[in-house]
Amino acid sequence: MIAGAGQAKRPLPLAWIGLIPFFAFAVLFMLLPAAYLVIGSFQDTAGNFTLDNLARLFQPNILSAYWISIRISAASAMLGALLGFFLAYAAVLGGLPAWIRPTLMTFSGVASNFAGIPLAFAFLATLGRTGLVTWLLATYFGFNLYAAGFNLLSFWGLTLTYLYFQIPLMVLILTPALDGLKREWREASEILGASRWQYWRHVALPVLWPSILGTTLLLFANSFGAVATAYALTGSSLNIVTILLYAQIRGDVLHDPHLGYALALGMIVITGLSNGVYLWLRARSERWLR
Amino acid sequence: MKGSRFGSWLAFAIGTLYFLVPLISTLEFSMRMRRGEYSFEAYRVVLQDPRFQQSFLYSTTLALATIAIGVLLVLPTAYIIRLRLPKLRPIVEFITLLPLVVPAIVIVFGYLRIYNSSSWLPFTASAWATDLLLTFGYVTLSLPYMYRAVDSGLRAIDVRTLTEAAESLGAGWPTILFKVILPNVRSGILSGAFLTFAIVIGEFVFASLLNRPAFGPYLQLVGANRAYEPAALAIIAFLVTWACMGLIQVFGRGPRSARPSL
């Protein structure tokens, strides 16, 4: 498409050579390590082919780790998508003062990168046993959060913490999509007598749907692979799959590296699927939102 | 959209509350180290801790090395793809998205298995080789962001005309790449660089599993053993992240352009 008339005469062998470093890097530091684990998960310790490792993923301890990880990721992805949608909608289409939008975008850029261990510290200082909110609730409202069954080191505690980077990520990704909603569509539907609800039901949501669903899947993968926040928050007390894999690498807790490989393979499959569908949906949504 | 403004304000208010309360709590908590009064004691203790200085310096050095290697790897590739081999674009884009598909902990697990001290490429046999492996790991983590930042920078300029103009003036490939193209995509590269910096400074899994004295493992150690210092460190980390994003705003087109696939 960009091959000009002058260029066609001078093919450049250098171009291929120039790509060698990139592909060599990709093979050495991405493809080979991943392939090693994938192949290893189909081998026993003697190197023979086996499906035994995958079968052993279905023991209760590992299965429950996957299940908790999937639930936390799903909860934080769906809540993050929902709240992020409303926040982005309010900033883009909600008739708020003009300064709010750039402020929100900048803050979202910061918060979506404020993950890991510092985020865990922040939530410990907020909702931990001696956290400010816990203390405020107990002192001024006589409400003991922890006696009421809340625990930061639990499913909901972790989900609440993950939302701190999930919501901003949704805002960042969805804002351009909301910008892509053309004003003419709304005007046309209003002229044709459509109500606000009908406009959303039949025009806006069908156009936004791939972006919303796709981003939700991206958020899912995002929290599924997270280790540091959970580790700093709960140590190894919460049995999620990344923590289990971390413990396996550190201390061989499964007493079999090949079972560890299978654990990693399971993670690649889950994040790969959700990211793959995300990319597919994103390509679809680009049809409308140019 | 008459009655909807209330809903917008409500969403904005709830969002503000959710995002500010943890920051305020952390700040308040970090200043409670001295009994009965607010002070910056925790910050003083943290900043004077030699392990803080060492680990922060270590991570900063690695971040700079990561950025340098990342640019050297990504700039020629994105340039060649754009100018000469657009057919390979989907493959290269797919590769640069891989670090988002394969979780970091899985990648480092692979490193530990392939490059252990008795392997064909014993990266973990000595400290400096492990540092190198860690840096390559960080380049991998930052690849999706770096590639998109540089690529969108290239999209904004007329690569073909610049290249032909430089060629007709007798410039060689290194000159074209580093004296003509590089200055023109500087803002894109800087966006990628600051995002990379933010990622590397806070990274925990790679450094921890490769046993290197980086800032992330130091944070984890302090978090497990101290009360007030972690809150001070969280505030410092937040400020560093904020500074990186602010610099992206200054030099580039906002953090949005540096994020992948938006």
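The values are calculated or read from the model by the stated rules, or taken from the named source; none is laboratory data. None of the values given here were measured: they were computed from a predicted structure. Positions of Cβ are backbone-derived with ideal geometry, glycine not excepted, and every protein chain shown enters the neighbour counts. Accessible surface areas use protein heavy atoms only, side chains included; no ligands, DNA or RNA. Shrake-Rupley method; radii C 1.70, N 1.55, O 1.52, S 1.80 Å.
At a glance:
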| quantity | calculated |
| --- | --- |
| Segment A:82-120: number of residues that are crowded, with 19+ Cβ neighbours inside 10 Å and closer than 18 Å to A:L181 by Cα | 10 |
| Where A:L172 falls short, out of the listed (1) assigned to a helix (DSSP H, G or I); (2) open to solvent by 20 Å² or more (accessible area, probe 1.4 Å) | (2) |
| Among residues of segment A:239-253, those that are out of contact with any helix residue (DSSP H, G or I) (no Cβ under 6 Å at 6 or more places or on another chain), assigned to a loop (DSSP other than H, G, I, E, B) and either of a type outside the set (D, E, K, R) or within 11 Å of chain B (Cβ to nearest Cβ) (or both), counted | 0 |
| Residue in segment B:30-55 that is modelled with the lowest pLDDT, counting only those that are closer than 15 Å to B:V222 by Cα and of a type in the set (A, V, I, L, M, F, W, C) | B:M33 |
| Any hit, segment A:129-146, residues being touching a residue at least 60 places away in the same chain (Cβ under 8 Å) and either of a type in the set (A, V, I, L, M, F, W, C) or loosely packed, with under 15 Cβ neighbours inside 10 Å (or both) | no |
| Test: B:L75 is open to solvent by less than 50 Å² (accessible area, probe 1.4 Å) and either in contact (Cβ under 8 Å) with a residue 12 or more places away in the chain or more than 8 Å from chain A (Cβ to nearest Cβ) (or both) | yes |
| Candidate set: segment A:119-147, residues that are closer than 27 Å to A:S223 by Cα and in a loop (DSSP other than H, G, I, E, B); chosen: the one farthest from the other protein chains (Cβ to nearest Cβ) | A:Y146 |
| B:T140 vs. criteria in a helix (DSSP H, G or I), more than 7 Å from every other protein chain (Cβ to nearest Cβ) and polar (S, T, N, Q) | no |
| Selection within segment A:192-238 - among the polar types (S, T, N, Q), in a helix (DSSP H, G or I) and touching a residue at least 60 places away in the same chain (Cβ under 8 Å) | A:S211, A:T215, A:T216, A:N222, A:S223, A:T229, A:T234 |
| B:A234 being more than 8 Å from chain A (Cβ to nearest Cβ) and either more than 17 Å from B:A68 (Cβ to Cβ) or at pLDDT 90 or above (or both) | no |
| Flag if B:Q48 is out of contact with any helix residue (DSSP H, G or I) (no Cβ under 7 Å at 6 or more places or on another chain) and free of Cβ contacts under 8 Å to residues at least 24 places away in the same chain | yes |
| Those residues of segment A:108-118 which are within 7 Å of chain B (Cβ to nearest Cβ) and part of a helix (DSSP H, G or I), in sequence order | A:G109, A:V110, A:A111, A:N113, A:I117, A:P118 |
| Residues within segment A:234-243 that are on the phi < 0 side of the Ramachandran plot and surrounded by fewer than 24 Cβ atoms within 10 Å (Cβ to Cβ), tallied | 6 |
| Yes/no for B:F109 being more than 17 Å from the chain's Cα centre (by Cα), within 13 Å of chain A (Cβ to nearest Cβ), at pLDDT 90 or above and in a helix (DSSP H, G or I) | yes |
| Residue under evaluation A:W156, criteria (1) loosely packed, with under 15 Cβ neighbours inside 10 Å; (2) in a loop (DSSP other than H, G, I, E, B), criterion not met | (2) |
| Residues that are within 7 Å of chain A (Cβ to nearest Cβ) and open to solvent by 50 Å² or more (accessible area, probe 1.4 Å), drawn from segment B:85-101 | B:L100 |
| Residues of segment B:172-188 satisfying the condition of being crowded, with 23+ Cβ neighbours inside 10 Å and in a helix (DSSP H, G or I) | B:I181, B:G188 |
| One residue from B:A156, B:A149, B:A193 being open to solvent by 50 Å² or more (accessible area, probe 1.4 Å), of a type in the set (G, A, S) and touching a residue at least 24 places away in the same chain (Cβ under 8 Å) | B:A156 |
| Selected residue (only one of B:A63, B:A125 is more than 17 Å from the chain's Cα centre (by Cα), more than 11 Å from chain A (Cβ to nearest Cβ) and not hydroxyl-bearing (S, T, Y)) | B:A125 |
| Residue that is surrounded by the most Cβ atoms within 10 Å (Cβ to Cβ) [pool: residues in segment A:184-224 that are under 30 Å from A:S69 (Cα atoms) and among the aliphatic types (A, V, I, L, M)] | A:L219 |
| Qualifying residue in segment A:262-270 (condition: within 11 Å of chain B (Cβ to nearest Cβ), over 28 Å from B:P90 (Cβ atoms) and modelled with pLDDT of 90 or more) | yes |
| Number of the condition not met by B:L112 [criteria: (1) in contact with a Leu (Cβ under 8 Å, 6 or more places away or on another chain); (2) over 25 Å from B:F215 (Cβ atoms); (3) open to solvent by 40 Å² or more (accessible area, probe 1.4 Å)] | (2) |
| Filter result for the condition that a residue is hydrophobic (A, V, I, L, M, F, W, C) and more than 20 Å from A:N113 (Cβ to Cβ), over B:L233, B:L190, B:L210, B:L141 | B:L210 |
| Residue that is of a type in the set (S, T, Y), within 12 Å of another protein chain (Cβ to nearest Cβ) and either more than 28 Å from A:W16 (Cα to Cα) or more than 20 Å from the chain's Cα centre (by Cα) (or both), where the choices are B:T130, B:T161 | B:T161 |
| Qualifying residue in segment A:247-260 (condition: of a type outside the set (A, V, I, L, M, F, W, C), within 30 Å of B:A234 (Cα to Cα) and in contact (Cβ under 8 Å) with a residue 40 or more places away in the chain) | no |
